[in-house]
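To start, the structure under review is shown below, and the notes come after it.
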Amino acid sequence: MRIFSGNANRPLAEAIAHQLGMPLGEMHCGRFPDGEVKVEIHDDVRGGDVFVVQPTTSNDHLMELLTICDALRRASAARITAVIPYFGYARQDRKHAGRVPITAKLVANLITAAGFNRVLAVDLHAQQLQGFFDLPVDHLTSLPVQIQYLKTLNLEDPVVVSPDTGSIKLADKIAKQIGARLAIIDKRRLGDSKTEVANVIGEIGPRPTIIVDDMITTAGSMCNAIRTARDFGATRVIPMATHAVLCGDAYDRLSSSKLDELVVTDTIPLKRRFAELPIKVLSMAPLLAEALKRIHTNQSISSLFR
């Protein structure tokens, strides 16, 4: 069993390897003078069970993942698993208008064509994305890590809020696990990055409020939800998401929202300037390490969540 990492999230890959008591595989992943990806595997992987940890947070990181796989395949690795903590292009999973691509399927095809044997992903934007891959997919959720942290806060009579109708199932799962109430913000979208809050289904305040989503991108939806929760009497607001994409106007929006605390995981490295904000980063390394161990020994992954 060997673990390799591209440049997208090397600290997470190192933490996973540390959990398993092994070093990261020796590999050079850089660039040629013209910007093309350059990969050279320094370890012997012939006949090995190899895992490549790489969130596809950019086109460059996606190309690194594909190139690393090709190098490993040509070095005669027996099985190559793509460990994708964050799957980019996941939101382009259907035709919402005429003459637009389904890019999530295209990326899944690229990963399959590169030669991967299986995929391990964390909190895909939609469950049906697993069906886009023509190879086995293990879908991890960050719920065990998030719920463990929430229980340490000892919140009194909390309410879990879904910032839109798409996150209701996620919010309901967390609410049941921690014995909390459930509320839903009915959101009306005005554009790709602009949203308008319509109304709230359920009761929010006055009590601590946990707002859950799978990712925070430009933070428009989340900041609207934070503002709505406070308007409805929340005494403390804890926004929580798995993937801290945090791009565009996210920093300005989160800074002006006067956060109590923002809880994310380390599937994506936190950008440096966001360290100034009250952000708690939960590590996915122990859960991912256990999943890798089970894949290597052909044990059940789903039993991790029972």
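Computed values, structure above
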item: Cα-based helix-to-principal-axis angle, 168-178 vs the chain, degrees rounded to 10; result: 80
item: Antiparallel DSSP beta bridges within the chain, as percent of all bridges there, nearest 5; result: 25
item: Burial order of peptide ranges 93-104, 142-153, 68-79, 213-224 (average beta-carbon count within 10 Å, highest first); result: 213-224, 68-79, 142-153, 93-104
item: Taking H18, H243, H125 and counting other C-beta atoms within 10 Å, the order from fewest to most; result: H18, H125, H243
item: Exposed GluC sites (Glu not before Pro) absent - longest run of the chain, DSSP non-H/G/I/E/B, at most 14 other C-beta within 10 Å; result: 37-155
item: Between helix 59-74 and the chain: long-axis angle, C-alpha atoms, 0 to 90°, nearest 10; result: 30
item: Pairs of Lys in the chain closer than 16 Å at Cα, counting only those 8 or more apart or on different chains; result: 7
item: Stretch gain in nm, segment A113-D34, where the contour uses 0.36 nm per residue and the Cα spacing is subtracted; result: 26.0 nm
item: Helix axis angle, 285-296 relative to the chain longest principal axis, alpha carbon, degrees; result: 40
item: Highest-fluctuation residue, P33, P163, P11 considered, GNM on the chain with Cα pairs under 10 Å; result: P33
item: Distance from the range 250-273 to the range 38-54 (C-alpha centre basis), Å; result: 34
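Laboratory data are not the source of any read-out in this text; all were calculated from the coordinates shown. On a predicted model such as this, the values are computed, not experimentally measured, just so you know. Neighbour counts are summed over all protein chains in view; Cβ atoms, including those assigned to glycine, are modelled from backbone coordinates with ideal geometry.
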